[in-house]
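Written out below as structure tokens is the structure these notes cover.
Readers should treat all values here as calculations from the given coordinates under stated rules, not as data from a laboratory. No experiment lies behind these values; they were computed from the predicted model shown. Reconstructed Cβ throughout: ideal geometry from the backbone, glycine too, with neighbour counts over all protein chains shown.
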Amino acid sequence: MDSGSKTEQISEDTSAIKEMLSAMNIKVDTISPIRLGKYDPTSSARRRPVRIRLPHTDDAADVIRLSGKLKSIDKFKLVSLSRDRTPAQIGYYKRIKQQLIDRTLAGETG
């Protein structure tokens, strides 16, 4: 990918993200989009995920909290949002999920 197309992609990502945030009534001045994964020019059918960095953690919490609004907008119906978890958080959720499975298999309910 040459630098011109990379700059264009960042600009397109930024405007799309700002439009999405505007649809959720969230005002953010600075957005830093980063495409994840390896760029493959032969696979244009599937877009790579975008990670955005917001200036305040409260902004990120608002985005996740209000992400349900996007499902009612046709343009954003297929958009999925999630928090970027640290390796420690991923390990914690795996342990908790395994505890739930073990308790359920042992017959515990509710």
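So here's what we get for this one:
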{"quantity": "In nm, spacing of pseudo-spin labels at Tyr93 and Arg53 (7 Å Cα→C-beta vector)", "calculated": "2.1"}
{"quantity": "Rounded tilt (10° steps) of 3-23 against the dominant C-alpha axis of the chain", "calculated": "60"}
{"quantity": "Gain upon complete extension [Leu105, Leu66; 0.36 nm per residue less C-alpha separation]", "calculated": "10.5 nm"}
{"quantity": "Helix axis angle, 87-105 relative to the chain longest principal axis, alpha carbon, degrees", "calculated": "40"}
{"quantity": "The chain: relative contact order as a whole-number percent, Cα under 8 Å and 6+ apart", "calculated": "20"}
{"quantity": "Violating pairs (Cα-Cα greater than 29 angstrom) within the set Lys6/Lys94; Lys27/Lys94; Lys18/Lys38; Lys27/Lys97", "calculated": "Lys6/Lys94; Lys27/Lys94; Lys27/Lys97"}
{"quantity": "Ratio Rg/Rh [Cα only; Rh per Kirkwood] for region 1-84", "calculated": "0.97"}
